[in-house]
Every structure is written in C-alpha cells, then in structure tokens.
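Okay, structure first, notes after.
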Amino acid sequence: MVLLACTAPGFAKGSSPAAASLCQPDESVRFSCPIGRKLVSLCAAGKPGAPEALSYRYGAVRQIEKSFVASADNGRRFFGTVSPARPGASVSQVWFDQGELRFLLTACTGGSCAFRAGLAVLQGDRILMNARCDRAKVDDLAWFSSDLVSFGSGAADSKSATPLLQIEESDNDIVRLYGAGSANLR
C-alpha cells in the first residue's frame with residue numbers, strides 16, 4: 001500500500017471524539033469506523049447530497065496509509081451495490097479499484113449479521129484483508145449515509161446521490177467475507 005504523509009484531520013463536522021474519523025474539517029463523514037488502532041473513513045466534500053469529491057482514507061489520524069479521491073476533475077469513481085446476507089439481512093458495499101486490488105467497505109443491516117461493518121481488500125478471488133469494524137456504542141458511523149447513497153434490496157433499486165458513486169451489480173464474495181452462515185443465500 002502507498003504510504004502518505006498527512007496532517008492530523010481531527011474530527012469532521014458533526015462528530016465527536018467518540019466518533020473519530022479521518023475526514024477533514026470541511027468534509028462530511030459518510031462512513032467511518034475504527035479497525036484496531038486505525039480508522040477507515042469515507043468523506044464527502046461539498047454540499048450535502050451533491051458532493052464535489054469523495055475521499056477514502058485508511059490509517060491513523062497522524063499517518064494516513066492509503067487514500068483515494070474521486071472527483072469530476074480526476075475522473076475516478078467509487079462503486080456500490082447491495083447483496084443478501086443472512087436471513088433478513090443485507091450487506092451494502094462501497095468500493096474502489098486500484099490496479100488488481102479492490103478496497104471494499106461493507107455495512108450489514110437487518111437480520112442476524114456475522115458482523116455489522118468492515119473493510120476488505122480483494123485481489124481477484126483472494127481475500128488479502130477482511131477486518132471488522134470495532135463498533136462504537138455512541139455516535140456509531142459504520143454505515144453509509146443516506147444523503148450519499150440509498151441502498152434498496154438490490155442494485156436495481158439502489159440510488160446514488162452523486163455520479164462519483166456508481167451503482168452496479170457485482171459479486172464481491174460477500175459469502176466468504178461474511179462467513180459460511182451466508183452461503184445458503186447465494
């Protein structure tokens with residue numbers, strides 16, 4: 001992964017120390033959660049519901065290890081879909097690709113989820129990383145903001161609020177990421 005130096009972003013608008021993110025002060029948090037001693041965040045710059053840029057950041061507040069920015073200027077995009085998981089549950093997914101790697105944020109809602117949210121790094125059919133978010137009891141941000149994307153029961157009835165996040169059908173190996181209990185739902 002690329003190592004980037006970064007100044008400490010602190011806390012984004014509307015967040016508190018219990019809801020730390022890697023978003024800059026002029027950005028809104030659209031997904032964020034701790035993974036061990038690190039954070040993963042999806043941030044939006046610009047007006048609510050019409051972001052000018054979406055940024056993914058992973059690392060510590062004082063040292064970002066991986067970042068990806070999608071904007072109209074650079075032509076990069078994020079992608080999203082939703083897949084069934086365990087009975088009554090679905091997994092919303094937002095990702096970007098760099099070379100052969102896919103960086104995938106997930107949030108499981110409804111039903112009995114093996115875990116509620118996480119970060120996976122995929123290379124083809126190999127899972128290089130599958131980390132669960134450490135869910136906060138207060139100000140939990142490990143879900144995708146509805147003013148960025150509204151996930152339905154599938155890609156066909158999901159809607160993005162921005163062209164920077166495109167909805168598409170994709171098999172991101174949710175069965176393997178969310179455990180064998182999901183296998184009967186393929």
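Every number in this text was worked out from the coordinates using simple rules, so none of it is lab data. Since we're looking at a predicted model, the values are computed, not measured.
Assorted remarks:
- All Cα-Cα separations within segment 78-185 were binned at 10 Å from zero, giving a P(r) of 15, 49, 33, 2, each value a whole percent of the pairs.
- Chain lengthening between Asp157 and Gln123 when straightened (0.36 nm per residue, less Cα-Cα): 9.5 nm
- Around the amide H of Glu27, modelled in the peptide plane, lie the amide H atoms of Lys13, all under 5 Å away and 5 or more residues distant in sequence or on another chain.
- Viscosity 0.692 mPa s, temperature 37 °C, Stokes-Einstein D of segment 17-71 from Kirkwood C-alpha radius, µm²/s: 293 µm²/s
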